[in-house]
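Take this structure first; my questions come after.
The values are calculated or read from the model by the stated rules, or taken from the named source; none is laboratory data. As the structure is a computational prediction, the values presented were derived from the model and not from experiment. Here the Cβ is made from the backbone with ideal geometry for all residues, glycine too, and neighbour counts use every protein chain on show.
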Amino acid sequence: MFRQLNKVVLSADVYAVCIQHALSTEKEEIMGLLIGEVDDSNISYISAGLILHRSEKKSDRVEISAEQLCMASTHAEQLAEKLGRPMRVLGWYHSHPHITVWPSHVDLRTQAMYQIMDPLFVGLIFSVFLSENNVGNQVQLTCFQATDNYERRDVNIVIEKVPLRDYNLKNICELPKILIQEEVEIHNTKCSKNDDILVNIHNEAFKTLSLSHLITKISQPICEDLEARLEVTNLRIKELEKMLIELKRKSDEDKI
Ligand SMILES: [Zn+2]
């Protein structure tokens, strides 16, 4: 029987991972996969994300390889086992830096191809760094599927408030590692060893510059954010412990 996706419920922590990933580069598109469960009313509940490593960086398109899809399925299976719920790959996300949020023809064709394999597969696009009418950077999100004639069909999306779960936190922490790996790989394929020592020094200097940029712009802010989060959590623990002592005291008084 034909199944049509009715709605997407995106967990706030996955939304945070996607935004953090999209904001990591202003020059190229980034991409990842979305994992979760679908209920009997064809509503997708996305509760985990997977940041994908790009073998080539392009400003106007992204491609997911068969190996990456396979890797994501394995990741979903591991999560299913850990959580005791039937998790699977439900869709993909990518970014549009400096352009509108609407899917391109290539995006719609890619989306249609995934829907052949899974009619409920969904696409999310995050448009970031777009500034219109002198309003600062705006973040826009679209949730779509492709029709049979490669047109966009908007799918309702809601963001569900949830605490940051360990497996999504791990994803955020992996981001700098993935970006550094991509940078080193691209440098190694594009800049093969040259006979001219000055060319080699120049290329190595550029690699160092890009890596230090990643550390200051990505790793350091993530560390600072996580430290601030830890501080707030510790304060909450202290407050809750105080409340617990107070409640115990009151209950002991009541008994007397
Ligand atoms: Zn696109």
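So Val17 passes all but one of these: (1) in a loop (DSSP other than H, G, I, E, B); (2) surrounded by 17 or more Cβ atoms within 10 Å (Cβ to Cβ). Which condition number does it fail?
So the condition that Val17 fails would be (1).
While we're on this one: Filter region 32-49 down to residues that are aliphatic (A, V, I, L, M) and buried (at least 21 other Cβ atoms within 10 Å of the Cβ) and give me whichever is nearest to Thr110 (Cα to Cα).
Looking at residues that are aliphatic (A, V, I, L, M) and buried (at least 21 other Cβ atoms within 10 Å of the Cβ), I get Leu33.
Additional query: Could you check region 177-209 and list, in sequence order, the residues that are within 23 Å of Leu52 (Cβ to Cβ) and surrounded by 15 or more Cβ atoms within 10 Å (Cβ to Cβ)?
Ile178, Leu179, Ile180, Glu182, Glu183, Ile186, His187, Lys207
When you scan region 108-126, how many residues do you find that are in contact (Cβ under 8 Å) with a residue 40 or more places away in the chain and buried (at least 22 other Cβ atoms within 10 Å of the Cβ)?
Total satisfying the criteria: 3.
Give me the pairs: first residue in region 189-201 and of a type outside the set (Lys, Arg), second residue loosely packed, with under 10 Cβ neighbours inside 10 Å and at pLDDT below 80, beta-carbon distance under 7 Å, and six or more apart or on different chains, which are they?
Listed by first residue and then by second, the contacts come to Asn200/Lys193.
Sort out which residues of region 64-84 are modelled with pLDDT under 85 and either hydroxyl-bearing (Ser, Thr, Tyr) or surrounded by 14 or more Cβ atoms within 10 Å (Cβ to Cβ) (or both), and write them in order of number.
Result: Ile64, Ser65.
Here's a follow-up. Considering (1) surrounded by 13 or more Cβ atoms within 10 Å (Cβ to Cβ); (2) closer than 25 Å to Leu69 by Cα, say which one Asp154 fails and leave the rest.
The one condition Asp154 does not meet is (1).
Out of all the residues in region 167-184, is one or more touching a residue at least 40 places away in the same chain (Cβ under 8 Å), out of contact with any Cys (no Cβ under 7 Å at 6 or more places or on another chain) and among the hydroxyl-bearing types (Ser, Thr, Tyr)?
The answer is yes; a qualifying residue exists.
Looking at Thr147, Thr110, which is the one that is within 13 Å of the ligand (Cβ to nearest atom) and β-branched (Val, Ile, Thr)?
The match here is Thr110.
Of all strands (runs of 3 or more DSSP E) completely enclosed by region 122-170, which ones contain at least 2 residues that are touching a Lys or Arg at 6+ places or on another chain (Cβ under 6 Å)?
Qualifying strands (runs of 3 or more DSSP E): 138-146.
Among (1) in a loop (DSSP other than H, G, I, E, B); (2) touching a strand residue (DSSP E or B) at 6+ places or on another chain (Cβ under 8 Å); (3) surrounded by 13 or more Cβ atoms within 10 Å (Cβ to Cβ), which single condition is Leu90 missing?
Among (1) in a loop (DSSP other than H, G, I, E, B); (2) touching a strand residue (DSSP E or B) at 6+ places or on another chain (Cβ under 8 Å); (3) surrounded by 13 or more Cβ atoms within 10 Å (Cβ to Cβ), Leu90 violates only (1).
Filter region 127-140 down to residues that are free of Cβ contacts under 8 Å to residues at least 60 places away in the same chain and either under 14 Å from the mean Cα position of the chain (by Cα) or over 29 Å from Tyr45 (Cβ atoms) (or both) and give me whichever is nearest to the ligand (Cβ to nearest atom).
Among those that are free of Cβ contacts under 8 Å to residues at least 60 places away in the same chain and either under 14 Å from the mean Cα position of the chain (by Cα) or over 29 Å from Tyr45 (Cβ atoms) (or both), it is Ser127.
Quick one: is Glu239 within 29 Å of Ala22 (Cβ to Cβ), modelled with pLDDT of 95 or more and part of a helix (DSSP H, G or I)?
no
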